[in-house]
Amino acid sequence: MEREKIIEGVRTSACFEAEAAYLAKSGIHMAPRPRLFKELERGKVRVFFPTDARLIEAGVTVALVCLYDLKDEINLYAHAVLAGPDVNPSLKSQFLPALQAMPQPGFIGALAVVKFISWKEAAWAKFLTDELEMGTERASAMWLENFWKALDRMYGGGNLV
């Protein structure tokens, strides 16, 4: 299926629209284009849309992660991805296949998830130190840049758009 059709299907899905509307009420808006797009096994596509959040603090939504089903041509979910040391509960449930579409096949995917969980914890500690040393604006920009790099690495690299 064509990438643009998938993106449109995600953006017009009820779950994406509901999450975007909820975030808009708090002043956070979704980018019109995804930042990461990855075709997965079993006919699934993972799509991450960034928000316009630029000043980071724990709990700020930095992206919406969506899972598109190619067979049924439907967006299955849209979950907020938050700044801070924690990851979404579905990543912590990686060994329950019904709940998870792995970022890479097999063991490599499970290992990539474990590495991302560790990165997110360490990156948050670094952000807090950087914020003290260089201010929130610069520390936020660095954290966001590295967040997208780490996320892309979890999906095998080369998936940022």
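Computed from the coordinates by the stated procedures, all read-outs in this text should not be read as laboratory data. For clarity, every value in this text was computed on a predicted model and none was experimentally measured.
Can you give the helix-only mean residue ellipticity at 222 nm for the chain, where every DSSP H stretch with n ≥ 4 adds -39500 (n - 2.57) and the sum goes over all residues, rounded to the nearest 500 deg cm²/dmol?
The per-residue figure over the chain is -15000 deg cm²/dmol.
Considering amide H positions built from the backbone, and no H for Pro or chain starts, which residues 5 or more places from Arg35, or on another chain, come under 5 Å of its amide H?
Long-range HN contacts for Arg35: Phe48, Phe49.
List, largest first, the extents of the alpha carbons of the chain along their principal axes, each in whole Å.
Over the chain, Cα extents along the principal axes are 49, 37, 25 Å.
Would you give the gap between the C-alpha center of the stretch 84-161 and the C-alpha center of the stretch 30-68, rounded to a whole Å?
Using only Cα atoms to place each centre, the spacing works out to 12 Å.
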